[in-house]
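Enquirer: My questions will all concern the structure given below.
The values are calculated or read from the model by the stated rules, or taken from the named source; none is laboratory data. Since the structure is predicted, the reported quantities are computational estimates derived from the model, not experimental observations. Note that we place each Cβ from the backbone using ideal geometry, even for glycine, and neighbour counts take in every protein chain shown. Side chains included, ligands, DNA and RNA excluded: accessible areas come from the protein's heavy atoms. Shrake-Rupley method; radii C 1.70, N 1.55, O 1.52, S 1.80 Å.
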Amino acid sequence: MKKVISIFLSLLMLTMIFTGCGKKIDNDSNDTGGDNSNVNATDAPDATDAPDATDVPADTAEPTPDISKAVTLKWYLEGSNVTDDSEVLAKANEYLKEKLNVTLEPIWGTWGDFDANSVLAINGGDDVDIYFTCSWTANEYNAFARNGAWVRLDDPENNMIEKYAPDLWALLPDVLTQGAMIEGSSGYGVYAVPGYKDIAQQNCWDINVPLLTKYGYTVDDIKNTDYYGFGEILQKVKEGEGEDFFPLLVEGAVLERMVNNSIIVTGDSAACNILSYYINPVDTAAEGAYGNKILNKFETPEYKKFVEKTREYYLAGFIDPGMGSANQANDLRSAKQLSGEYLIGTQSYALGYEKQASKERGFEVAMVPCTPAFVDTTSSQGAMMAVSTASKNPDRAMMFLNLLNTDPYLMTLLDYGVEGVHYNIVNGEAVFTDTRANYIPWTNGMGNITLLPPQEGQGADFWDGFKAYYGSAKEIPILGWAFNFKSVENEMGALTNVAAEYALSLSVGTIDPTEKLPEFLQRLKDNGIDKVVEEANNQLKAFLDAKGE
Amino acid sequence: MDKNKVMSMNRRIGRRLNSISLPSEILINIVLALFCLMCIIPFIFVIIISFTSSESIRQIGFSFTPVQWSMDAYNFILKLGDQLWRSYYNSILITVIGTVISVLITILYAYALFRKDFKLRGFFMFFCFFTMLFGGGLAPTYYVCKLMLGLSDNYAALVVPMLLNPFNVIIMRTFFQTSVPTELIEASAIDGGGEYYTFFKIIVPISKPGIATIALLNSIAYWNEWFIPLLYVRDAKFFPLQYLLYRMQSQADFLAKNASMIGPEASKMIANLPEHSLRMALVVLVVLPIACAYPFFQRYIISGLTIGSVKG
Amino acid sequence: MSKSLATLKSPSRGFAKRKKTLLLITMVLPGAIWLFLLRYVPLFGILIAFKDYKIFSKAPNLWNNIIHSEWVGFDNFKFLFTSTDSLKMIKNTLGYNALWIALGLVISVSFAIMLSQLTKKFIAKTYQTLMFFPYFLSWIVASYFLLAFLDKTRGMIPNLQQDLGMQVTDWYNTPGPWPIILTLANLWKYVGYSSILYLAAITGIDSSQYEAASIDGASKWQQIRYITLPNLKPMIIILFIMNVSKIFNSDFGLFFTLPMNSGPLIPVTQTIDTYVYRVLMTNAGNPGMSTAASLFQNLVGFLCLMGANSIVRKVDEDSSLF
């Protein structure tokens, strides 16, 4: 009896406090969320299909932005190698204080820790104002826009693009502004500011030239063969450099795409990219090798051939076993790139990157492209900055992003560092000093890089060439399409686990494909890969039909 | 005390009469010694690696008999940046503050549950022990801590999530039941001591062994925690030691890439960073305080846990 | 003040009583508040398991996010019962736990008995101290210990294999030996601790029982069988029930850090807990599925506890927990 009473009491207490809590929080939401009717509108079961632009409270017109309140903006970046940002921040904040009354607090995510930590931060509602996002990180642009993590920037109720960034939008190429238009939690619109960088996709072999010449080869020897013909060169270098040297520096997923001319299916990055589209390697604008179809990438004969070769290379000691560890691979790779402990690496290319890389690494680097440059959804969403819905100052965040992407001084300061300290301008080109080693953010990840002075060796007219190069890049037929896995979420969850188990290891050769590949394929089948592929193809077909009209 | 002595004397006599044969005793010794070796060898191995030169590691890998010894790793540690010392400081701070608060909360809760004349005893007993059986799970707890309680990137985030362990409440309540006579409380009440006065002046002094047990359990839990920081802390200035070790493991170049970790002096010598011995040296530094202290406090834990689990 | 109250007795007795209750409530209050905020409020988050959890972009906070997310019924649970992987992780969780409960029990009780038989007190103390050591270490530290032995290029065992001309095992990519490695690691960490607990219970047994038995000519084995084990029974049962109630939980650190989060090892290292965590950290699944898995884990764990307890009660009523 006593027990029953105590259970009853605790339940009573719980309900009492919960209802109390609920009321209080509801009131809070009225403060921040604006009109109640609006809240109800989004509460409707299918918020994405019903744009809630219908009933708008009329408090949108704000002629001049109010910046009287001092604000701190936290900014989460990807790919940084920053060990000392004090000088840069001192300068930047002085400038930003005056312009926008903003203090900037960057969070320098690295290639290794960004994925897990950014997702955790978003899920946990951390007070980060701006996140780096794109089509290929774990905090994937499309999925998180649907999840309500990003503020819709062109929200009809509060069109921040019109208010704060009309000139930026005019300056960005159509591919980017179009690419940013997606279906998100508040309807079809823009959920992040696209960075103006290498718009097109192009994968290259990253060659350590001094080492190559040391063993009597030239870059042409690489150009004249392909992945399947590297064996001899790798063998010779391996023998010369010893046990601890691994000549083939690969990023598992990228390597496979390079060799097979397949691309990421946007929207699928969370699941280790189990889907793939095979492009036409000769004319990228033409229909793909398998037609305009999405495939289970592990099932193709190309993939089988690839993993068998890779296994051979791995067993020969060409590939560092560390590359098979998802935790370590990224950081290990960048460390080895910097120290030059490789012969052939994989690199997704941006025009002029070989010059930049040669400088950063301190030896000559050559890039040998596998395909001509092409534009796909992934590259059109290649690097973006999204304003978090957890941000308390989304307007100021947007104003900052606008300034960053239109103001050469600010962009250069944050990207290159302080003039005279981290770099000097010589003949219109930026020449980095030794201090730059302490401050290397990911140049192309920050925003509009065409504002930057060209780097040493790129030539003063670099950006004209850059714009022309990417302006002429061909668009692949399925550009603009992103996979929405909502309807097959259960399958995707299961498949992700399966893929996490095999994909990376197979792609860098740490496990034996003769035994594991069939096993992998069977498990993919068991967990519904066919349903996912079918769903993807249905979506793609609908997209292409709509596009054709 | 006296009683114990008599008992152990009895036992000694008993042994003589009733001890096992020599061969079986040797066999037992071999089995136990092997297991003990297994318990302690990994740590000794890691100590050896931390004193191994990079050259030796390159040549023959990790080995119990390196070809060349070296103090490099420890010399490097002295030159490391603030991060290591900061983390040491964090670990100590979290352990001390966390232990003090959690012990206070636990013994107060347990004491009230021990009081038979406490009207709401049944309710609060259930309130506490129910959480051992049923919980919201990782995701909801994470959301509540982060989104509602603001446990994010601050010291509170490292201390608060582990403040109360119902198991410790059981241990403590059982301890009170076995060692605090009810008459003592009644007497104190008649003498006019308030509840808190009675608790702190009379109960706490006679419950020292029990309190020591849960204090030790809690401090070990705080010292060893790495999952809570993984969830709730992103800023390196709050990293405790164990989490630092975790990051070094999960991120290959955490040592080299982290400015506050490597420091200005050491970064000049980054090229000949004795990476592997350095990692192991850090492991040694994390384990050392425990290794030095536990032989002294293990008996408290044993006595406390025995009471807690036998009568719990 | 209180003295006068106590002596006045009858008229203010009710008041004193109420005051006492109030004071005792203030004692439980810090703990109760903590329990409420960190254990009971998250219970309400279980709703997430039945929703398509999304951030409510207009005013994101936990309440709004949950309230404005769409109900999806049991969709989030489907995964648990349809995919082959969920079967595997449930199997892993149960299998390892069952094995470790059994092994841990047998080995710790035997060690405790062995320790109690040693004639040299000093040696027994030394063994205890050494055995207890791993219990105080975190799994992170243990994972470095393991790495020292198994690392592919520098580890002791691969180097030994190479010296002996054997095929070098790529330990962190070969799932085969891991069930054994994990079992050893678990025993390494906990056997010392539970042996010492059992030993303490054995030392508490009245030695005259043994003396009497030995005078009656009982062998050592008979003494263990008829005196030691029956005396240990209550403790064995309590620890057993508590372990069984946790049979659906796993030691997260062990399964997560020791295998270095390695993909190929997932078939033998994935448990419900690591799954719940992995889903929270990546965006492929969703918080709903993670919560659903936790809820399932909780419910089954609860049932297991009740089951174990009622079985024990049938066998021996005094030993059951409740």
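Enquirer: Do you know the relative contact order of region B:81-273, to the nearest whole percent, from alpha carbon pairs under 8 angstrom that are 6+ apart?
Expert: This gives 40 percent for region B:81-273.
Enquirer: Now a separate question. Using θ = phi - 60° and the Karplus curve 6.51 cos²θ - 1.76 cosθ + 1.60, what whole-Hz ³J(HN,Hα) does each residue of region C:97-114 get, with Gly and Pro shown as x?
Expert: For region C:97-114, the Karplus-derived couplings read 4, 4, 4, 6, 5, 5, 4, x, 4, 4, 5, 5, 5, 5, 4, 4, 5, 4 Hz, x marking Gly and Pro.
Enquirer: Also, I was wondering about something else. In a GNM of chain C with a 10 Å cut-off on Cα contacts, which of C:198, C:190, C:127 has the highest mean-square fluctuation?
Expert: Between C:198, C:190, C:127, it is C:127 that shows the largest mean-square fluctuation.
Enquirer: Additional query: For region B:81-273, report the translational diffusion coefficient in µm²/s to the nearest whole number, using Stokes-Einstein at 25 °C, 0.890 mPa s, and a Kirkwood Rh over Cα pairs. Intermediate values should be presented prior to the final figure.
Expert: Numbers: Rh = 19.2 Å.
For these conditions, the coefficient is 128 µm²/s.
Enquirer: Moving on to the next point. List the residues whose amide H sits under 5 Å from the amide H of residue A:440, counting only those 5 or more places along or on another chain, with H placed 1.01 Å from N in the peptide plane.
Expert: A:81, A:82, A:83
Enquirer: Chains B and A: how much accessible area gets covered up at their contact, both sides added, probe 1.4 Å, in Å² to the nearest hundred?
Expert: Roughly 2100 Å² of accessible surface disappears when B and A pair.
Enquirer: Okay, moving on. Once ligands and nucleic acids are excluded and a 1.4 Å probe is used, how much of residue A:83 is accessible, expressed in Å² to the nearest 10?
Expert: We get 40 Å² for residue A:83.
Enquirer: If I take every Cα pair under 8 Å that is 6 or more residues apart in region C:75-319, average their sequence separation and divide by the length, what percent do I get for the relative contact order?
Expert: Relative contact order comes out at 29 percent.
Enquirer: Now for a separate question. Any chance you could give the angle, 0 to 90 degrees and rounded to 10, that helix A:329-339 forms with the longest Cα principal axis of chain A?
Expert: Long axis of A:329-339 versus the principal axis of chain A: about 50 degrees.
Enquirer: Probe of 1.4 angstrom, ligands and nucleic acids ignored: what's the accessible area per residue over the protein assembly as shown, in square angstrom?
Expert: Details: 47490 Å² over 1183 residues.
Normalised by residue count, the accessible surface of the protein assembly as shown is 40 Å².
Enquirer: Buried accessible area between C and B (1.4 Å probe, both chains summed, ligands and nucleic acids excluded), in Å² to the nearest 100?
Expert: 9400 Å²
Enquirer: Keeping all protein chains in position, work out how much accessible area residue A:111 exposes to a 1.4 Å probe, and write it in Å² to the nearest 10.
Expert: 80 Å²
Enquirer: Could you tell me, in Å, what Rg and Dmax come out for the Cα atoms of region A:507-549?
Expert: Rg, Dmax (Cα atoms, Å): 15.9, 47.
Enquirer: Quick one: among C:93, C:228, C:183, which has the greatest mean-square fluctuation in a GNM of chain C with alpha-carbon springs under 10 angstrom?
Expert: With Cα springs under 10 Å in chain C, the top fluctuation among C:93, C:228, C:183 is at C:228.
Enquirer: Using a Cα-Cα cut-off of under 25 Å, which lysines could be cross-linked to residue A:214, ignoring same-chain neighbours fewer than 8 residues away?
Expert: Qualifying lysines at Cα under 25 Å: A:223, A:236, A:238, A:336, A:355, A:359.
Enquirer: What residue among C:54, C:120, C:91 has the largest mean-square fluctuation in a Gaussian network model of chain C, using Cα springs under 10 Å?
Expert: Ranking C:54, C:120, C:91 by mean-square fluctuation puts C:120 first.
Enquirer: Mind listing the phi-derived Karplus ³J(HN,Hα) values for region A:92-99, rounded to whole Hz, using 6.51, -1.76 and 1.60 with θ = phi - 60°, and x for any glycine or proline?
Expert: 4, 6, 4, 5, 5, 4, 5, 6
Enquirer: Divide the volume of the convex hull of the Cα atoms of region A:106-151 by its number of residues and quote the answer in cubic angstrom per residue.
Expert: 70 Å³
Enquirer: Quick one: order A:80, A:487 from most to least accessible surface, probe 1.4 Å.
Expert: A:487, A:80
Enquirer: Separate question: Provide, as a two-decimal number, the C-alpha radius of gyration of chain A over 2.2 N^0.38 Å, N being how many residues it has.
Expert: Cα-based Rg divided by the globular estimate yields 1.04.
Enquirer: Quick check: at a probe of 1.4 Å, how many percent of the accessible area of region C:75-319 sits on carbon and sulfur atoms?
Expert: 66 percent
Enquirer: Under the rule of at least 5 residues apart or a separate chain, name every residue whose amide H is placed under 5 Å from the amide H of residue A:73.
Expert: Those qualifying (amide H under 5 Å, at least 5 residues apart or on another chain) are A:103, A:104, A:105.
Enquirer: Same structure again: Calculate the all-directions average of the projected area of chain C's alpha-carbon convex hull, and give it in nm².
Expert: On the way: hull surface 116.7 nm².
It is 29.2 nm².
Enquirer: Still on this model: Relative contact order (percent) for chain A, with alpha-carbon contacts under 8 angstrom and 6 or more residues of separation?
Expert: 21 percent
Enquirer: Residues of region A:169-194 with backbone nitrogen within less than 13 Å of a virtual label 7 Å along the Cα-to-Cβ line of residue A:475, please, listed as ranges.
Expert: Taking a point 7 Å out along Cα→Cβ of residue A:475, the residues of region A:169-194 whose backbone N falls under 13 Å are A:173-181.
Enquirer: To the nearest hundred square angstrom, how large is the accessible surface buried between A and C, total for both chains, probe 1.4 angstrom?
Expert: Roughly 4400 Å² of accessible surface disappears when A and C pair.
Enquirer: Next up: Please compute the Kirkwood hydrodynamic radius over the protein assembly as shown, one decimal place, Å, based on all pairs of different Cα atoms.
Expert: Averaging 1/r across every pair of different Cα atoms and inverting gives 32.8 Å.
Enquirer: Same structure, new question: For the residue pair residue C:26 and residue C:167, what label-to-label distance in nm results when each label sits 7 Å from Cα along the Cα-to-beta-carbon direction?
Expert: Reported label-point gap for residue C:26 and residue C:167 is 7.2 nm.
Enquirer: Have a look at A:340, B:94, B:205 and report the one farthest towards the positive end of the charge dipole of the protein assembly as shown, computed about the Cα centre with Cβ charges (Lys/Arg +1, Asp/Glu -1).
Expert: The residue sitting most towards the positive pole is B:205.
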